[in-house]
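Down below is the structure, laid out as structure tokens.
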């Protein structure tokens, strides 16, 4: 049987059913796709522990990345991740059903970070074991070795408002509207911060290339 | 301001990958947050809105019933009526458009303007609605000041009941801007107290209205700002 004949035969047999097959494959794709965060949160509120696992899997990479950028310290970021999930657990009955989960969770994480930073400021500076003040970091004096490190340094040097806007939209993938909700401002203000942040990065990286 | 273009977003750079926390952390968090889970259904948004409005209306109705037997000039009646109408509008807007949609409400600047502007507008309204004005010295010499203080304490008490009830109904619902939401709760609580005392007290003297009826709005808005972060944030 030639290939052309086989193609004709397939078209003759399957052709009329093609729209139905397309519809069926679309339904199957939707059924197999990840459940929405809002759906998972509602199941978690209803006491479903497996929904928590799925929520953790979907939220943690982005949330941890965000907290790590805010704190610039792995252990503190992990502590804050734990605090954030504990707050979600305690506040689950107050979650307004149907409300977008992503901005809600990121806002809780952000607030936890600022509360922790405020508390840390009020504590006296930690002394090292021999009772002296810790040495100041001399990272700024180092010269970055590649563009990736230069980018990292530039992100750290960037004004906090710009950095947060870029981390939320570029690294964690929130939309402008979601980032605006987390930051308590308008989407236009977030776009402006992102725009200025990119300009800052561009200038810093050009300086590195020179 | 349009979205940043793909080129502007520096796509060619090696943007850092999202890191993973240490694997043991998952178990620790799971133990704290997902072992022995029980359903924790809180009231729906609609139920919270209804409860808040019912609470505020209840406070006003109680003082209105107390005031029923009292003789009052018609000007005081008009002041109370328009004050109550204004309170109703602000109360409904704050509950329905701000507290019920914490992440999705309009930009914070608008609600900050409401939290600051409404107490000022209310004081302005009381000034315009006043029927007489005593010199300050005379106001403090006679028993006028005592009467105003009594009204103020009553307004504060009833306003605080409404505000505390509202804070309780909406507790832990706003991680976005809880201080601002707290201030709005204090504002509507203060307006509830002021409206209620406006219905119960027929006085029309300016100092009395400012101290006895108006001050509670500013006091409770400030208290709400301070308390909101503790009560409304998860």
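The values are calculated or read from the model by the stated rules, or taken from the named source; none is laboratory data. Everything numeric in this text was worked out from a predicted model, so none of it was measured. So basically every Cβ, Gly included, is an ideal-geometry build from the backbone, and we count neighbours across all protein chains shown.
A few remarks follow.
Yes/no per residue for (1) modelled with pLDDT under 90; (2) out of contact with any helix residue (DSSP H, G or I) (no Cβ under 8 Å at 6 or more places or on another chain):
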residue	(1), (2)
B:135	yes, yes
B:153	no, yes
B:157	no, no
B:215	no, no
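- So residue A:151, is it touching a helix residue (DSSP H, G or I) at 6+ places or on another chain (Cβ under 8 Å), modelled with pLDDT under 85, under 25 Å from residue A:196 (Cα atoms) and crowded, with 18+ Cβ neighbours inside 10 Å: yes
- Subset tally (residues that are loosely packed, with under 12 Cβ neighbours inside 10 Å and part of a helix (DSSP H, G or I)) for segment B:125-139: 4
- Checking each residue in segment B:88-109 for being assigned to a helix (DSSP H, G or I) and either modelled with pLDDT under 80 or closer than 21 Å to residue A:101 by Cβ (or both) picks out B:97, B:98, B:99, B:108, B:109.
- When residues of segment B:23-56 are limited to those that are part of a loop (DSSP other than H, G, I, E, B) and at the interface with chain A (Cβ under 7 Å from one of its Cβ atoms), the one modelled with the highest pLDDT: B:44
- Once segment A:67-80 is narrowed to residues that are in contact with a helix residue (DSSP H, G or I) (Cβ under 6 Å, 6 or more places away or on another chain) and in contact (Cβ under 8 Å) with a residue 12 or more places away in the chain, the residue that is nearest to the other protein chains (Cβ to nearest Cβ) is A:78.
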